Amino acid sequence: MTTLANKYGEKGNDSIWMAPWQEVYEYIWLRDRIKVDFQQKNKEVTVTIQLPEIPESFRNRDISLNIETPSKFEIESNKDLKIKDDGKTTHKQIFIQLK
């Protein structure tokens, strides 16, 4: 990692960025504890995400969902989420920022 940082990071040609270890740890911790449930009825799919109790010391509360569909879709959520993608365009990943 040090060699990569020195050659391509801020001290090198600054062509790549690597997340700090705390951000990576918090993302993996959250990813491993989230429960995702899918229910399909005809062409309608409901995705339910159950979140664990997130430690208050966590600074990073982002998750992402990989979506494999050419179809557009709607997202319904409560106000405790900030969603980057709204399903009105085709895309493969939804970024969710938890408050």
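The values are calculated or read from the model by the stated rules, or taken from the named source; none is laboratory data. Since this is a predicted model, take the numbers as computed values, not measurements. Every residue, glycine as well, gets a Cβ built from its backbone with ideal geometry; the counts of neighbours run over all protein chains shown. Quick note on the areas: whole protein, heavy atoms, side chains included, nothing else; ligands and nucleic acids left out. Shrake-Rupley method; radii C 1.70, N 1.55, O 1.52, S 1.80 Å.
Scanning the stretch 6-29 for residues that are in contact with a Gly (Cβ under 8 Å, 6 or more places away or on another chain) and closer than 25 Å to Phe58 by Cα yields Ile16, Trp17, Met18. Inside the stretch 47-69, residues that are farther than 18 Å from Lys84 by Cα and modelled with pLDDT under 85 make up a count of 0.
All of (1) within 19 Å of Phe95 (Cβ to Cβ); (2) touching a strand residue (DSSP E or B) at 6+ places or on another chain (Cβ under 6 Å); (3) not aromatic (Phe, Trp, Tyr) hold for Leu51 with one exception: (2). If the condition is being assigned to a helix (DSSP H, G or I) and among the β-branched types (Val, Ile, Thr), then the stretch 22-50 contributes Val24, Ile28.
Restricting attention to the stretch 4-13, does a residue exist that is at pLDDT below 85, in a helix (DSSP H, G or I) and more than 15 Å from the chain's Cα centre (by Cα)? Scanning the stretch 4-13, I find at least one residue that is at pLDDT below 85, in a helix (DSSP H, G or I) and more than 15 Å from the chain's Cα centre (by Cα), so the answer is yes.
Looking at the stretch 60-75, I want the residues that are over 17 Å from Thr46 (Cβ atoms) and have a partner that is among the hydrophobic types (A, V, I, L, M, F, W, C) and in a strand (DSSP E or B) with Cβ atoms under 6 Å, at least 6 apart or on another chain. Which pairs are those? From the stretch 60-75, the pairs are Arg61/Leu98; Ile63/Ile96; Ser64/Phe95.
Consider the stretch 51-85 and keep the residues that are hydroxyl-bearing (Ser, Thr, Tyr) and in a loop (DSSP other than H, G, I, E, B). The one that is most open to solvent (accessible area, probe 1.4 Å) is Ser57. Here Lys92 clears all of (1) modelled with pLDDT under 80; (2) surrounded by 13 or more Cβ atoms within 10 Å (Cβ to Cβ); (3) within 30 Å of Leu4 (Cα to Cα) except the condition numbered (2). Of the set (1) open to solvent by 70 Å² or more (accessible area, probe 1.4 Å); (2) in contact with a Phe, Trp or Tyr (Cβ under 7 Å, 6 or more places away or on another chain); (3) at pLDDT 90 or above, all apply to Glu26 but (1).
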